[in-house]
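One structure is given below, encoded as structure tokens.
What follows draws every value from the coordinates through simple rules; no lab data is involved. Since this is a predicted model, take the numbers as computed values, not measurements. Every residue, glycine among them, receives a Cβ derived from its backbone with ideal geometry; neighbour counts consider all protein chains shown.
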Amino acid sequence: MKYPILPALLLLVFITLLPACSSAKKITRTKTVVPENSAAFALVNKLIVNELQADWFNAKAQIEATQGNQKQSFGADIRLKKDSLLWMSAYANLGIKIEVARVLITPDSIKMMDKFNKKYYVKSIRYLETLVGYPLDFNTMQRIILGNKLPASSETPQITNLPEGGFCLSDQTDNLHYAVFVEPLNYTITRLMVTDSINHRNLSVDLSNYLPISNKPFAHKRTVKMDATDTYTAKIEMSKIKVNEPLEFPFSVGDNYEIIR
């Protein structure tokens, strides 16, 4: 029996695109210039102050991924070198640690080893867009792994006071509407939502269990849901997080692997 770990691992990669989704049509982003005397400007600055800054990032994760009626649970090691490399190793939860897949992503490419089925995938970074239907770049993935919000895509993001407390920072670009929900006491992000009104796709991620990493609040738990042609969910819990310690990114492919381009 072939172990279908690869789709679930790609779902883990997919979560990193949430705040920067766009439709299949390419959207040109411009630098945000929010009026400095606005409430939105003040809120964006508070979020920036809370951002984790790390040249190196290392974490372990437990993931429960669901696609339709299929559910998988697995562990993963995640390593990041800022602006350069993103490395993931996935292993089955079978009582002992058995690696089943490994991924190495650069700003230009994605390489994946399906170690269980002996397949080696070599793709452009644009390959992820074909899998999930949204554009994705390395910078977006890196910022969301670190829990950092991307800049708003328009010059006039709107801020709303929520009845239950907290704030919502929302933005609209073409057919996309996305919102960032912020906890009012310590200005941490509790939820990200993206709605694609034309292609009928909805994405959300809930962030919780904030604990300090390098004196910055970091969400150790994340629950992701995407409703499109199918429903995808992922529950992720990170632990053993280390920052700014140099890392290695081992990635060696044996001669017995089938290469898929």
Multiply the residue separation of ASN93 and ASP108 by 0.36 nm, subtract the distance between their alpha-carbon atoms, and state the gained length in nm to one decimal. 2.3 nm
For segment 171-259, which GluC sites (Glu not before Pro) are in a loop by DSSP, counting at most 11 other Cβ atoms within 10 Å? GLU248
Cβ-based net charge around ALA54, under 10 Å, with every Lys or Arg adding one and every Asp or Glu removing one: +1
q = 0.16, 0.17, 0.23 Å⁻¹: log10 I(q)/I(0) that the Debye formula gives for segment 142-261, counting C-alpha atoms only: -0.94, -1.01, -1.37
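Using Cβ contacts closer than 10 Å as the measure, can you line up ASP174, ASP77 from fewest to most? Show your work: numbers first, answer last.
Numbers: ASP174 13, ASP77 17.
Result, fewest neighbours first: ASP174, ASP77.
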Computed over segment 160-219, the distribution of all Cα-Cα distances in 10 Å bins, rounded to whole %, is 22, 43, 28, 8, 0
Ascending count of other beta-carbon atoms within 10 Å, so fewest first, for MET112, MET226: MET112, MET226
Where does each of SER89, SER197 land when they are ranked from fewest to most other beta-carbon atoms within 10 angstrom? SER197, SER89
Give LYS111/LYS225; LYS123/LYS242; LYS111/LYS216; LYS123/LYS221; LYS119/LYS242 a once-over and call out the pairs whose C-alpha atoms are over 27 Å from each other. LYS123/LYS242; LYS111/LYS216; LYS123/LYS221; LYS119/LYS242
Segment 165-206: relative contact order from alpha carbon pairs under 8 Å, six or more residues apart, as a whole percent, is 30
